[in-house]
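One structure is given below, encoded as structure tokens.
The values are calculated or read from the model by the stated rules, or taken from the named source; none is laboratory data. Here the structure is a predicted model, which means the values were calculated and not measured. Virtual Cβ from ideal backbone geometry, glycine too; neighbours counted across all protein chains shown. Keep in mind that these areas ignore ligands, DNA and RNA; they rest on the heavy atoms of the full protein, side chains included. Shrake-Rupley method; radii C 1.70, N 1.55, O 1.52, S 1.80 Å.
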Amino acid sequence: MLWKGVLALGATLLVGSLLVSSSVAGEKAAAAAKIGAPAPMFSLPDQNGKTVSLSDFAGKIVVLEWFNEDCPVVVRHYKNDAMNKLAGNYKDKDVVWLAINSTKQKTVESNKKAADAWKMDRPILSDPSGDVGHLYGATNTPGMYVINKDGVLAYMGAIDDNPSDNKKDGVKNYVAQALNELLAGQSVSEPQTKQYGCTVKYAK
Amino acid sequence: MVAVTSSSWADEPPADLVKARLIADTTAVAPGQPFKVGVLLKITPGWHLYWINPGDGGVPTTVELKLPEGFTASALQYPTPSRFEDPGGLVSFGYSDSVMLVATITPPTTLASDNIAISAEANWLVCEKVCVPGDVKLQLALPVGPPAPNAPEQFEAWQKRMPVRQTPQLAGIVQSQAMESSVDQGTLTLIVNWKQSAPEKIEWFPPASTAVFFGETEITSEGNRTTIKAGFQRLAGQKASVSGLESVLAYASPHGRMGVSVPVNLDPQAQTGQSSIQSQLGR
């Protein structure tokens, strides 16, 4: 999750003795995605070259899964078909689940290979320019977002509370929790957590 | 009796990206006498793994210790980290080349057996252009008896790289926070007063927290003063305490890179409305 706060330095500073070092690396576009705000719109090609738009799913709960098949943390979540099973479970409850690949060198073709190899029964959207990734402030894979039926962002963050994969039991899946709450007509109790995983391999 | 004071090298496939070793600063354990253990990680050049707060990238490096009955361990100490920048404005915090994570172990006042076994499970994600996870279990056996130093130069060298509360260059640090119109977002300001003119290469590493996310940081120095402004966002629904969060301030000194442990308090009760409360730190 990236965001840009406006920092006003205020008083004039003497130029002679002024040393400025900012930790901002390059240009960071302000992410439009915010909890409680309408989820930003986008259109991207899926692994079959078909254009998929978020607006296609108005009125449905939508999950966005930032994906990169080269990331071992993503691989870990696909072990034993876990991610596929999770998405499949909720597909039966009419939840739309879209994977998005913002990795700079990945293509529609490589997404097709990944979807076939990993038996993913859902779209993988190709975003090599990283524009949609930056729009959502995606920093890591897997990076998860849940949009409610009114098109409002209801969850953003990690998939679960087990970044180091060392929790022996009681791992909480934030996405399942958010989906269960939304499907029960409740508000999401933990709407925002810090993403973990490999950094999204942005082009810029 | 030959003391086994360090485990053998445990290599992580595929190409020994990280070599891990568990060592103790003592050759033997005496009842009630604390000693240190270190997990030393040697990282292939060009690769890095992450600090307790990985920043935008990765996953933190963690160590879980298994100790015999009656033994306790301090929190794990992490050396002052470095910054890594990735395309897209992603900034992460961690280590390249090598790092030793250290814990102080306190034995109970009576020891039943004449040998004690300590194990450590280390977990990391090491990255270059791609990332490779790592997970090793390390063991250490120490006899019970009169302690003598083991690997003192190594422990001393790494102790120097741990953040400290006070340094010769630092006069004091004053913290304040101001909230923006949205109740969840604010700016943390740290004003660092130096005894002489501000040093070079100042960096600030935000604390690890599940309840607060730190965004952009701006660091400016003028004369004897450095101002650090860090945007932060509270993560709704996260209940973890946000006072006493350990951030790290790093800078270059004549004696090498220094790290200062700066506790920050982002408790909403710590500030009211438009005004901000200032608390003196570093004294």
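Please go through the stretch A:131-204 and write out the chymotrypsin sites (Phe, Trp or Tyr not before Pro) that DSSP classes as loop and that have at most 15 other C-beta atoms within 10 Å. For chymotrypsin sites (Phe, Trp or Tyr not before Pro) across the stretch A:131-204 that sit outside H, G, I, E and B with at most 15 neighbouring Cβ atoms in 10 Å, the list is empty. List residues of the stretch B:163-202, by number, whose backbone nitrogen lies under 19 Å from a label position 7 Å along Cα→C-beta of B:Ser253. Counting only backbone N, you get B:163-174, B:191-202.
Hull volume per residue, based on the alpha-carbon atoms of the stretch B:142-209 and their convex hull, is 186 Å³. Note on B:Thr210 and B:Val174: their simple-model spin labels are 3.6 nm apart, each label 7 Å out from Cα toward Cβ.
Sorting A:Thr51, B:Thr227 on solvent-accessible area from highest to lowest, probe radius 1.4 Å, gives A:Thr51, B:Thr227. Placing pseudo-labels 7 Å out from each Cα toward the beta carbon at B:Arg165 and A:Ala32 gives an inter-label distance of 4.9 nm. GNM, chain A, Cα, under 10 Å: largest mean-square fluctuation among A:Ser164, A:Ser187, A:Ser126? Largest GNM mean-square fluctuation: A:Ser164. One equal scatterer on each Cα of the protein assembly as shown, no solvent, Debye formula: the resulting log10 I(q)/I(0) at q = 0.11 Å⁻¹ is -0.99. The solvent-accessible area of A:His77, taken with every protein chain present and a 1.4 Å probe, is close to 20 Å². The radius of gyration of the Cα set in the stretch B:60-126, together with its Dmax, comes out at 16.6, 57 angstrom.
Over all residues in B:210-220, what is the mean tally of Cβ atoms on other chains that come within 10 Å of each residue's Cβ?
6
In a simple Cβ point-charge model (Lys, Arg +1; Asp, Glu -1; nothing else charged), chain A has a dipole of about 240 debye relative to its Cα centre.
Each label was represented as a point 7 Å from its Cα along the Cα-to-Cβ direction; for A:Lys91 and A:Lys204 these points are 3.7 nm apart. Phi-derived couplings, Karplus 6.51 cos²θ - 1.76 cosθ + 1.60 at θ = phi - 60°, listed residue by residue for the stretch A:117-128: 4, 9, 6, 8, 8, 6, x, 10, 8, 9, 9, x Hz, with x used for Gly and Pro.
Among A:Lys194, A:Lys104, the order of accessible area from largest down is A:Lys104, A:Lys194, computed with a 1.4 Å probe on protein heavy atoms. Less than 5 angstrom separates the built amide H of B:Asp97 from those of B:Ile43, B:Gly46, B:Trp47, all sequence-distant by 5 or more or on a different chain. Each of A:Asn101, B:Pro149, B:Pro199 was scored by the projection of its Cα onto the charge dipole of the protein assembly as shown, and the greatest displacement toward the positive side belongs to B:Pro199; charges sit on the C-beta of Lys, Arg, Asp and Glu.
Cβ-Cβ distance of B:Thr72 and A:Ser189, R₀ of 45 Å, FRET efficiency by 1/(1 + (r/R0)^6): the value works out to about 0.85. For A:Asn140, the residues whose modelled amide H falls within less than 5 Å of its own, excluding neighbours fewer than 5 places apart on the same chain, are A:Val200.
For the stretch A:108-204, what is the charge dipole size about the Cα centre, in debye to the nearest 20, if Lys and Arg each add +1 at the Cβ and Asp and Glu each add -1 at the Cβ?
200
Partner shielding of B:255-265 amounts to 0, given as the average count of beta-carbon atoms from other chains within 10 Å of each residue beta-carbon. With the charge dipole of the protein assembly as shown set up from +1 on Lys and Arg Cβ and -1 on Asp and Glu Cβ about the Cα centre, the Cα lying farthest toward the positive end among the listed residues A:Ala32, A:Ala158, A:Val200 is that of A:Ala32. Net charge dipole, the stretch B:65-168: roughly 220 debye, given to the nearest 20, about the Cα centre with Cβ charges of +1 for Lys and Arg and -1 for Asp and Glu. Simple rule: put +1 on each Lys or Arg Cβ and -1 on each Asp or Glu Cβ in chain B, find the dipole, and look at B:Leu111, B:Gly88, B:Pro45; the Cα lying farthest toward the positive end is B:Leu111. Largest GNM mean-square fluctuation across A:Lys106, A:Lys149, A:Lys93, computed for chain A with C-alpha springs under 10 Å, falls on A:Lys93. Label zone of A:Val75 (point 7 Å out along Cα→Cβ, amide N under 16 Å): in the stretch A:151-172 this covers A:165. For the segment B:123-131, counting C-beta atoms of other chains within 10 Å of every residue's C-beta and taking the mean gives 4.
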